[in-house]
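Encoded as structure tokens, the structure appears first; notes follow it.
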Amino acid sequence: MKNQVIAKRYAKAIFEIALEEGRVEEYYQELKDVLALFKEVPDFERVLATPIYPDEVKVRTVEMVADKAGMSPIVKRFLEVLVEKQRVPYLEDVVAVYGKLMDEHANVARAQVSAAVELDETTLELIAESLSKIVGKRVIVEFHQDPDLIGGVVAKIGDLVLDGSVRTQLKNIKETLKRGELG
């Protein structure tokens, strides 16, 4: 929980700066690029996150990488602050919160949609339109095929779950039969 509080604080800070400068998507991409670099070169993250190395070495490392990557001065400084405050391990959470802030600002909701079979683009667009009417936001659908559903569709948007799967319908019938309420 503590890391979420810290991540929110840092994400809000850089997001507000990005809003002021009109560079919300650009900074988001740069932050995602840093995460990708951490995965590609684990030693880079290790140097920045390990207390063994002096802060001067860490800051110089950030400066060198930022300059080579053509990073904006704000994101570069943001990384330096994370290093100075020993918050580098929170970067992944910061980026996730930043993405949520971006969606919130753009009035976008992300839906995880699952079905037993692959759905075509037209069907996914229709699902997105229907979900949009329910939540009052533009919906971006992320599709996952789940053969265990047997048939139907399950959609999740935040805490809202709309389950129209055959698996759930069968489960409900089974529970009704157990209670002896089928009539």
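I'd like the antiparallel share, as a percent to the nearest 5, of DSSP beta bridges with both residues in the chain. Each step should come with its number before you reach the end.
Details: 8 of 16 bridges.
Just about 50 percent of them are antiparallel.
When ranked by the protection proxy of mean other Cβ atoms within 10 Å per residue, highest first, what sequence do the peptides 21-31, 49-59 form? Intermediate results must be reported in sequence, preceding the final value.
Numbers: 21-31: 16.3, 49-59: 12.9.
Ranked from most to least packed, the peptides come out as 21-31, 49-59.
What list of ³J(HN,Hα) couplings, whole Hz, do you get for the stretch 132-142 from phi and the Karplus terms 6.51, -1.76, 1.60, once you set θ to phi - 60° and write x for glycine and proline?
With the stated coefficients, the stretch 132-142 comes to 4, 5, 6, 9, x, 9, 6, 10, 9, 9, 10 Hz.
Gaussian network model of the chain, Cα springs within a sub-10 Å range: biggest mean-square fluctuation belongs to which of Lys171, Lys39, Lys133?
Ranking Lys171, Lys39, Lys133 by mean-square fluctuation puts Lys171 first.
Going by amide H atoms built from the backbone, whose H comes under 5 Å of the H on Ser165, apart from near neighbours?
Val153
Cut-off is 10 Å between beta-carbons; in what order do Glu84, Glu45 appear when sorted fewest neighbours first?
Working: Glu84 13, Glu45 19.
Lowest to highest Cβ neighbour count: Glu84, Glu45.
Here are labelled values, [x] 13.6; [y] 15.0; [z] 10.3, and one is the computed mean projected area of the Cα convex hull in nm² for what I pasted. Which one?
[y]
Using the Karplus curve 6.51 cos²θ - 1.76 cosθ + 1.60 with θ = phi - 60°, work out ³J(HN,Hα) for each residue of the stretch 45-56 in order, rounded to whole Hz, and write x for Gly and Pro.
3J(HN,Hα) across the stretch 45-56, in whole Hz: 5, 4, 4, 6, 9, 8, x, 4, 7, x, 4, 4.
For a Förster distance of 22 Å, can you work out the FRET efficiency between the beta-carbons of Asn107 and Ser130, rounded to the nearest 0.05? Don't skip to the answer; put the middle values down first.
On the way: r = 17 Å, r/R0 = 0.77.
It comes out at approximately 0.80.
Cross-link partners among lysines for Lys85, C-alpha distance below 22 Å, same-chain residues fewer than 8 apart left out?
Within the straight-line limit of under 22 Å, Lys85 reaches these lysines: Lys2, Lys8, Lys12, Lys32, Lys39, Lys58, Lys76.
Quick one: net charge around Asn107, please, counting Lys, Arg +1 and Asp, Glu -1 for every other residue with C-beta under 13 Å from its C-beta. If you can, show how the numbers build up before the last one.
Values: positive: Lys100, Arg110, Lys137, Arg138; negative: Asp103, Glu104.
Cβ neighbours under 13 Å give a net charge of +2.
Explain nothing, just compute: Karplus ³J(HN,Hα) = 6.51 cos²θ - 1.76 cosθ + 1.60, θ = phi - 60°, for every residue of the stretch 20-37 in order, whole Hz, x for Gly and Pro.
Those phi angles translate into 4, 8, x, 10, 4, 5, 4, 5, 4, 5, 4, 5, 5, 5, 5, 4, 4, 5 Hz.
Using amide H atoms built 1.01 Å from N in the peptide plane, name the residues 5+ places from Ala111, or on other chains, whose amide H lies under 5 Å from its own.
Sorted by chain and number, the residues that satisfy this are Ile140, Val141, Glu142.
With unit charges on the beta carbons (Lys and Arg positive, Asp and Glu negative) and the dipole taken about the Cα centre of the chain, which residue among Ile17, Leu31, Thr168 sits farthest to the positive side?
Thr168
For n ≥ 4 DSSP H runs only, could you compute -39500 (n - 2.57) per run for the chain, divide by its residues and tell me the 222 nm figure to the nearest 500? Spell out each step's value before the answer.
Values: 8 runs with 116 residues, N = 183.
Helix contribution divided over all residues of the chain: -20500 deg cm²/dmol.
Computed from the coordinates by the stated procedures, all read-outs in this text should not be read as laboratory data. Computed from a prediction, not measured in an experiment: that's the story for all the values here. Positions of Cβ are generated from backbone atoms using ideal geometry, with glycine treated the same way; all protein chains shown enter the neighbour counts.
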